[in-house]
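Remarks on the structure that follows.
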Amino acid sequence: MECLSILGTAQTPVILFNPLIGNMEIKGRSIPDSPDDFWVPVLNWFESYLIQPAPKTTFKIDLEYFNISSSKRILFLLYKLNELAERGLDVCVEWHYRTEDEDMYEVGQDYAYMVKVPFKFKEYNESDMA
């Protein structure tokens, strides 16, 4: 299975999914004009990954902003991670958020409550990125 790599834009996040080592990353902003055009290929790729996943899957989410339509797709991906955990595979979500972005932290808490996959919350400062 090939890696999925999508460059980010002002409206869409970077997607870096590596099936060989089980590292999945979504980073940036997700406010696509046509949510299905962006998210359906990502969701389809992940469905294929579920057939033969890596022994450990780490899902890193580092979004500065996303809209409701993106939120639904992200939650769908997180529910799919439940399936891996139920099969006894090692799965975790790393939820990255800026120190001053309490809303994004709370959204991560909400997602963590909705799924059975363990979440690790990783706070960072903008100055950490320099």
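Observations
- Complete set of residues in the range 104-122 that are open to solvent by 30 Å² or more (accessible area, probe 1.4 Å) and either in a loop (DSSP other than H, G, I, E, B) or among the hydroxyl-bearing types (Ser, Thr, Tyr) (or both): 105, 113, 116, 118
- Members of the range 7-26 found to be touching a Pro at 6+ places or on another chain (Cβ under 8 Å) and open to solvent by 30 Å² or more (accessible area, probe 1.4 Å), listed by number: 11
- When residue 29 is tested against (1) open to solvent by less than 80 Å² (accessible area, probe 1.4 Å); (2) outside any loop (DSSP other than H, G, I, E, B), just one condition goes unmet, and that condition is (1).
- Per-region count, the range 41-83, residues basic (Lys, Arg), within 21 Å of residue 14 (Cβ to Cβ) and assigned to a strand (DSSP E or B): 1
- Of the criteria (1) farther than 20 Å from residue 104 by Cα; (2) in contact with a Lys or Arg (Cβ under 7 Å, 6 or more places away or on another chain); (3) among the hydrophobic types (A, V, I, L, M, F, W, C), which one residue 1 fails: (2)
- Residues (charged (D, E, K, R) and within 13 Å of the chain's Cα centre (by Cα)) located in the range 68-114: 72, 73, 80, 94
- The sole residue among 61, 51 that is surrounded by 13 or more Cβ atoms within 10 Å (Cβ to Cβ) and either modelled with pLDDT of 95 or more or not β-branched (Val, Ile, Thr) (or both) is 61.
- When 77, 81 are checked against the criterion of being in contact with a Cys (Cβ under 9 Å, 6 or more places away or on another chain), in contact (Cβ under 8 Å) with a residue 12 or more places away in the chain, within 14 Å of residue 24 (Cα to Cα) and surrounded by 12 or more Cβ atoms within 10 Å (Cβ to Cβ), 81 stands alone in meeting it.
- Top-ranked residue of the range 84-103 - restricted to ones that are open to solvent by 40 Å² or more (accessible area, probe 1.4 Å) and in a strand (DSSP E or B), ranked as farthest from residue 28 (Cα to Cα): 90
The values are calculated or read from the model by the stated rules, or taken from the named source; none is laboratory data. Predicted model, so just to flag it, every value in this text is computed and none were measured. All Cβ positions, glycine included, derive from the backbone under ideal geometry; neighbour counts span all protein chains shown. Heavy atoms of the whole protein, side chains included, go into the accessibility calculation; ligands, DNA and RNA do not. Shrake-Rupley method; radii C 1.70, N 1.55, O 1.52, S 1.80 Å.
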